[in-house]
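Undergrad: If you scroll down you'll find the structure; I have some questions about it.
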Amino acid sequence: MRHVLVLPDRDTAEEVAEALTERFGVTEEPQLVRDALAGEDDAEDAQWLVVVEDPDATHDPARLHDLAAEYEGWREAE
């Protein structure tokens, strides 16, 4: 399973990646990905994704959504 958390900017995404290690015990470093909005070239118009690999489905999607929501983001359903 893979979880994708969508955040408003890079700094926030980095904070969430840190929180994942502290709160959820994520051992594999989450991947940070810039996701430019359709038709936008400006770096300010980009969301950042935090991708968490969860092959054993040990992380609760609702708790991950709540974490992202604390940082004005959300968990994208895959």
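The values are calculated or read from the model by the stated rules, or taken from the named source; none is laboratory data. Since the model is a prediction, treat every value here as computed from it, not as a measurement. Here the Cβ is made from the backbone with ideal geometry for all residues, glycine too, and neighbour counts use every protein chain on show. For the accessible areas, the whole protein counts, side chains as well, though only heavy atoms, and no ligand, DNA or RNA atoms are used. Shrake-Rupley method; radii C 1.70, N 1.55, O 1.52, S 1.80 Å.
Undergrad: Condition first: assigned to a helix (DSSP H, G or I), out of contact with any Cys (no Cβ under 6 Å at 6 or more places or on another chain), at pLDDT 95 or above and open to solvent by 30 Å² or more (accessible area, probe 1.4 Å). Can you find one or more residues in the stretch 17-36 that meet it?
TA: yes
Undergrad: Looking at (1) assigned to a strand (DSSP E or B); (2) at pLDDT below 95, find the lone condition where residue 39 falls short.
TA: Of everything listed in (1) assigned to a strand (DSSP E or B); (2) at pLDDT below 95, residue 39 misses just condition (1).
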